[in-house]
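Since the structure comes first, as structure tokens, the remarks are kept for the end.
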Amino acid sequence: MEKIKTPALSEYLIRLADDRLILGHRLSEWCGHAPILEEDIALTNIALDCIGQANFLYSTAAESEGNNRTADEIVYFREALEYRNLLLVEQPNIDFASTIVRQLLYDTYGILLYEQLQQSTFKPLAGIAQKAVKELRYHFRHSSQWLLRLGDGTVESHLRTQNAVDKLWKYTDEMFISDAVEVELAAKGIAVKSEALKERWFTIMRDLISSATLTVPVQGSFIRKGGREGKHSEHLGHLLSEMQIVARSYPDIVW
Amino acid sequence: MSENIAAMEAEFNRRIAAGETIEPNDWMPEKYRSQLKRLISQHAHSEIIGMLPEGNWITRAPSLRRKLALLAKVQDEAGHGHYLYSSAETLGISREEMFDQLHSGKAKYSSIFNYPTLSWADMGMIGWLVDGAAIINQTTMAKCSYGPYSRALLRICKEENFHKKQGMEIIATLIASGDTGKAMVQESFTRFWWPTLMMFGPHDTNSPNSPDMMKWKIKLKGNDELRQRFIDMTVEQAQKWGLSIPDQQLAFNEATRSWEIGEIDWNEFTAVINGNGPCNQERMETRRSAHDNGKWVRDAAHAYEEKHRSKITTAA
């Protein structure tokens, strides 16, 4: 498939969409395997919200490109190197604690981001954000309540959760990098400068992690980043090969 | 005392005959209670195990729309399991006990979920055939004498009808997309046809639980009658789609106006029921490992609740 150079708006929408899709995909892997039946329902529900938001964002991106590329083509016929999601969201489900911590780190960021995107001068995005914020607040309630239970539950759950926090923390700085695309769109009131969200995010996370009797890790000087330029962890390739196998095996079938 | 029980049983039978529903706090014969526990928990387990063959394709669904629909469908099944377990709990059995019975192999679930899902067309086939068969069983059962189960089934049937339509739409779309799609559907149909017919259970003459259950209106129609209703409906639809039915002996009986099938392979049925189907072991291992791996999470939730109980009480 011919490579398409995407303009800033489409690039930005696809970033947001990729974050939601990949996170939703990871959650959907739990379906039928969760620790309790209520979590089978909850995690699937959150996955549905994430992928539903991604669907709107991809469709809006496709429309803004105006070159007949569809949302499904963006999802199923891009290589890992063309994906633009944060490294955080592609990290695997090592256990329930890693899923909850990954979710909470993102949900907190997501609320701050989408609250502001509701005022985007690009109306379709503002509309998506209004719906997304409501869903993200519910997701946050779920992930933060679990963080408290896992952190302040048993010795084992505490250890597993601290381990997940320590492991995933290094991926959080990437959320707050404002690059040229973001700066360009923020100047037009379309995008949000994510670097401006960091302080509030950190305060919320610090308080929550402490309430859960866990320790906030010290951020090293080396930032793990690259997702926005397509430089991912090895996990993403495997995730995509599973996601795309059927669509690519039968490119002529209409599903 | 025994006279007393006889009187209560007579009153119970009178109410059943009069078409009244029995509610959790009403007196009921022990055997009625135990049959219902078995039946409802078996149905709940089927929903939970039934999440696995479809869950198998969520991460591979070939379009965003299909992925969202499949996720929503499997979530519905978890929801069905959830209120069926609650419905069984009204009879005095806990969800933990029911899980133990499932994980130890004592409790059964629908045999169809011991067959693997091998292509995307299976997602359509499960909706059309498997949910279609379940609807026929359950709409009949929705008129059963036990209130909580009857009400749960009414709600479940509404959602199952939607699932069936969704499955049929997957199939219709694949067929319309050309030869490759149609071949995928035919292959899946050939695999699922006979196992789906087995879902209705053995012939009535070989169904050990039926007579009591009929008397108490826990079961309202025989296996064979329901199976026949399904066959007549499905053969017609398969013909509309131009699918060939994998049964050389299939013939239309002009006198009864219905389709007669060849003999079901009851050896296969018995093998699957007794744990020797293609996926019995995998399904059970998946369930057990989900349960075992989740133990530390459930323990954490309990420990947290214990620690914070006093605080919560004070705050309230």
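Some points to look at:
- So B:Arg227, is it surrounded by 20 or more Cβ atoms within 10 Å (Cβ to Cβ) and closer than 21 Å to B:Gln248 by Cβ: yes
- Test: residue in region B:259-275 that is within 14 Å of chain A (Cβ to nearest Cβ) and at pLDDT 95 or above: no
- Filter result for the condition that a residue is charged (D, E, K, R) and away from chain A (no Cβ under 14 Å), over B:Arg95, B:Arg155: B:Arg155
- Check on A:Ala54, under 27 Å from A:Glu234 (Cβ atoms) and in a helix (DSSP H, G or I): yes
- Hits in region B:290-301 (condition: loosely packed, with under 14 Cβ neighbours inside 10 Å and at the interface with chain A (Cβ under 8 Å from one of its Cβ atoms)): B:Lys295
- For region A:194-222, taking the residues that are in contact with a Ser or Thr (Cβ under 9 Å, 6 or more places away or on another chain) and part of a loop (DSSP other than H, G, I, E, B), the one that is surrounded by the most Cβ atoms within 10 Å (Cβ to Cβ) is identified as A:Ala212.
- Single condition B:Gln35 does not satisfy, out of (1) within 23 Å of B:Asn223 (Cα to Cα); (2) modelled with pLDDT of 95 or more: (2)
- B:Thr256 more than 14 Å from chain A (Cβ to nearest Cβ), hydroxyl-bearing (Ser, Thr, Tyr) and assigned to a loop (DSSP other than H, G, I, E, B): yes
- Cross-chain or 6+ apart pairs with Cβ under 6 Å, region B:180-201 first and in a helix (DSSP H, G or I), then among the acidic types (Asp, Glu): B:Ser188/B:Asp122
- Residue match in region B:242-259 (condition: of a type in the set (Phe, Trp, Tyr) and surrounded by fewer than 17 Cβ atoms within 10 Å (Cβ to Cβ)): yes
So that you can scan it fast, the table gives a plain yes or no per residue for (1) open to solvent by 10 Å² or more (accessible area, probe 1.4 Å); (2) of a type in the set (Lys, Arg):
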residue: B:Leu129; (1), (2): no, no
residue: B:Ile135; (1), (2): yes, no
residue: B:Gln138; (1), (2): yes, no
residue: B:Lys143; (1), (2): yes, yes
residue: B:Arg151; (1), (2): yes, yes
residue: B:Lys158; (1), (2): yes, yes
residue: B:His163; (1), (2): no, no
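- Counting the residues of region A:121-142 that are over 14 Å from A:Asp49 (Cα atoms) and surrounded by 21 or more Cβ atoms within 10 Å (Cβ to Cβ) gives 1.
- Sole exception among (1) facing chain B (nearest Cβ under 9 Å); (2) within 15 Å of A:Gln103 (Cβ to Cβ); (3) open to solvent by less than 10 Å² (accessible area, probe 1.4 Å) for A:Asp19, by number: (1)
- Of the residues making up region B:31-72, those that are more than 7 Å from every other protein chain (Cβ to nearest Cβ) and of a type in the set (Ser, Thr, Tyr) are B:Tyr32, B:Ser34, B:Ser41, B:Ser46.
- Considering region B:11-69, and only residues there that are within 21 Å of B:Met214 (Cβ to Cβ) and among the basic types (Lys, Arg), the residue that is surrounded by the most Cβ atoms within 10 Å (Cβ to Cβ) turns out to be B:Lys37.
- Filter pass, A:Ile177 being more than 10 Å from every other protein chain (Cβ to nearest Cβ), touching a residue at least 60 places away in the same chain (Cβ under 8 Å) and surrounded by 15 or more Cβ atoms within 10 Å (Cβ to Cβ): no
- Residue, surrounded by the most Cβ atoms within 10 Å (Cβ to Cβ), within region A:143-159, restricted to residues that are in contact with a Lys or Arg (Cβ under 9 Å, 6 or more places away or on another chain) and not small (Gly, Ala, Ser): A:Leu150
- Taking region A:232-244 as the range and being exposed (fewer than 15 other Cβ atoms within 10 Å of the Cβ) and either in contact with a Lys or Arg (Cβ under 8 Å, 6 or more places away or on another chain) or facing chain B (nearest Cβ under 9 Å) (or both) as the test, only A:Glu242 passes.
- Residue pairs whose Cβ atoms lie under 7 Å apart, separated by 6 or more positions or on different chains, with the first residue in region A:42-61 and within 20 Å of A:Arg15 (Cβ to Cβ) and more than 9 Å from chain B (Cβ to nearest Cβ) and the second buried (at least 23 other Cβ atoms within 10 Å of the Cβ) and of a type in the set (Lys, Arg), are A:Cys50/A:Arg20; A:Gln53/A:Arg20; A:Leu57/A:Arg20.
- Among the conditions (1) open to solvent by less than 10 Å² (accessible area, probe 1.4 Å); (2) within 9 Å of chain B (Cβ to nearest Cβ); (3) farther than 22 Å from B:Val297 by Cα, the only one that A:Tyr114 does not satisfy is (2).
- Restricting attention to region A:245-254 and to residues that are within 11 Å of B:Ser63 (Cβ to Cβ) and within 26 Å of the chain's Cα centre (by Cα), the residue that is surrounded by the fewest Cβ atoms within 10 Å (Cβ to Cβ) turns out to be A:Val246.
- Matching residues in region A:245-255 - criterion: being in a loop (DSSP other than H, G, I, E, B) and at the interface with chain B (Cβ under 8 Å from one of its Cβ atoms): A:Tyr250, A:Asp252, A:Ile253, A:Val254, A:Trp255
- Hey, B:Arg191 at pLDDT 95 or above and either open to solvent by 40 Å² or more (accessible area, probe 1.4 Å) or on the phi > 0 side of the Ramachandran plot (or both) or not: yes
The values are calculated or read from the model by the stated rules, or taken from the named source; none is laboratory data. These numbers come from a predicted model, not from an experiment. Using ideal geometry, Cβ is built from the backbone for each residue, glycine included, and neighbour counts are taken over all protein chains shown. Quick note on the areas: whole protein, heavy atoms, side chains included, nothing else; ligands and nucleic acids left out. Shrake-Rupley method; radii C 1.70, N 1.55, O 1.52, S 1.80 Å.
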